[in-house]
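What follows is a set of notes on a single structure, which appears directly below.
Values quoted throughout were computed directly from the atomic coordinates according to the rules given, and no laboratory measurement underlies them. Treat the numbers as computed from the prediction; the structure is a model and nothing was measured. So basically every Cβ, Gly included, is an ideal-geometry build from the backbone, and we count neighbours across all protein chains shown.
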Amino acid sequence: MRLKTSLMSLVLLLAVFSTQAEQIESIKGANTIDAFQALNLFEKGATFIDVRDQFEYQLGHIRSAVHLDLKRDFNDLYLIETLDKDIPIVIYCNSAHCYRSAVATFLAVAWGYENVHYFKDGYFTWLALDLPVVMDQSQDHIAKGDEADSQWRAQMKDALAEVQLAKNQGFEQATGPTIRSLAQ
């Protein structure tokens, strides 16, 4: 019993420390901001940079965000020499557990950008607060598919209810007129 309690305590401690290790709270040289500070910068025209992959970006992103996939495109920020290094940029990913925005923020600061904001809470928090986003048009197709699926399920439910009714009333009695009309 004592060993079991010790093991449970160890597992709990490891879970707590691993969760804390996954969240990077701040990046030297950048401002860590929450969703409301990000919204304030959004309203002032700051450049938002989405460092998620193409699929995530296409599903939805903060309105007017520039997509620079960390693994593929982010070094373009380093290569763009004409960009003013003092412009306010807000870098985000999915959530506080997403390392990509932390890495991108670190790189932007290292490359000499002076007005870098690390929006660690990311897109999911922005979305949850119902702030301005762009959703991929395919989401509309998904919704239409769900609607058609719901209609089909309702029709099937009605058909199954009729079958059950036929079983309860006796097949011939319930379907007699229908079968006779089909036979003619």
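What do you get for Rg/Rh over segment 27-136 if you use C-alpha atoms and the Kirkwood form of Rh?
In segment 27-136, Rg relative to Rh is 0.92.
Whose amide H sits under 5 Å from the amide H of Asn94, counting only residues 5 or more places off or on another chain, with H placed in the peptide plane?
Here the answer is Tyr123, since their amide H atoms fall under 5 Å of that of Asn94.
List every residue whose amide H lies under 5 Å from the amide H of Phe48, counting only residues 5 or more places away in sequence or on a different chain, with H placed 1.01 Å from N in the peptide plane.
Here Val66, Val90 satisfy the definition.
Would you mind checking which residues have amide H under 5 Å from Phe119's amide H? H placed 1.01 Å from N; only 5 or more apart, or other chain.
Counting only residues 5 or more places away or on other chains, the set is Ile33, Ile91.
Where does each of Trp111, Trp126 land when they are ranked from fewest to most other beta-carbon atoms within 10 angstrom?
The most exposed by this proxy come first: Trp111, Trp126.
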